[in-house]
Amino acid sequence: MNKTQKDLNLLPPVFKKIAYGIMFLTILFAILSIVKVLAIDKHIAKTISMSFFLIALLLLAITRSKIEDELTLRIRLKAFAASFIYGVAFVIITPFINLLFDGSFLLDVGVEQLLISMFLFYFMMMFIMKRSR
Amino acid sequence: MKNNIKIQRAIKDLTQEELANKIGVSRQTINSIETNRYIPSTLLALKISEVFETNVNNIFELEESD
């Protein structure tokens, strides 16, 4: 492990498989809850699914790739910054969009949905920046 | 900043992959440096100069816009 990899304290690559495993089980749990195979309250099932999905996304975000060098670190930091800006913009702009379509100036998106969309934005930015490096 | 890493690689008969492995970065990072899309850190520049057995100023050169 080189200095950059040590400085970042990222998780080893095996955690990617663990994250995908958690994601698969969460989706399976959600589907089984929706089709009522599992007798769980809808809101509890939603909370559990969202929480585990977030854990999976977090693990994916902080797991290192095969080679981590100063350029990939820079790309990571840029992607994190971009997703943070996206989150803030989302919170500010959404009430105006709701006002246009619903007539109510409200932010009716849950925290989990916001965080999931920020993570997805982060992965999208990582993908784009890695392709164009 | 411009560089002549491609020429130095040709002199030493190294591919981008081989140079990347020697200094512990990805091949894409070497490619980005060669095409001036990324400016390496001091540490990385010194590692590159060590591989090519030449002074870092012989590899990297400041431009007017810098």
> Just the projected area, averaged over all directions, of the convex hull on the alpha carbon atoms of chain B: how many nm²?
Replying inline: 4.0
>> Please list, ordered by chain and number, the residues whose modelled amide H lies under 5 Å from the amide H of A:T63; skip anything fewer than 5 residues away on the same chain.
In response: A:L11
> So which lysines can A:K16 reach, going by Cα to Cα under 23 Å and dropping same-chain residues fewer than 8 places off?
Replying inline: A:K3, A:K6, A:K66, A:K78, A:K130
> Magnitude of the Cβ-charge dipole of chain A, K/R +1 and D/E -1, about the Cα centre, nearest 20 debye?
Replying inline: 640
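So for chain A, averaging the separation of alpha carbon pairs under 8 Å that are six or more residues apart and normalising by length, what relative contact order in percent results?
This gives 28 percent for chain A.
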>> What is the angle, in °, between the Cα long axis of helix A:14-34 and the longest principal axis of the Cα atoms in chain A? Nearest 10 is fine, range 0 to 90.
In response: 10
> What are the extents of the Cα atoms of the protein assembly as shown along their three principal axes, listed from largest to smallest and rounded to whole Å?
Replying inline: 69, 40, 24
>> Taking θ = phi - 60°, what integer Hz values does the Karplus form 6.51 cos²θ - 1.76 cosθ + 1.60 yield along the range A:59-65, in sequence order, with x for Gly and Pro?
In response: 4, 4, 6, 10, 9, 7, 7
> When only Cα pairs under 8 Å and 6 or more residues apart are kept, what is the percent relative contact order across the range A:69-133?
Replying inline: 44
>> Starting from the 7 Å offset along Cα-to-Cβ, what nm value, one decimal, do you get for the label separation of A:V91 and A:Y20?
In response: 3.4
>> Report the gain in length on full extension from A:V109 to A:L32: 0.36 nm times residue separation, minus Cα-Cα distance, nm rounded to one decimal.
In response: 25.3 nm
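Rule-based calculations on the coordinates, nothing more; no lab input. Since we're looking at a predicted model, the values are computed, not measured. Using ideal geometry, Cβ is built from the backbone for each residue, glycine included, and neighbour counts are taken over all protein chains shown.
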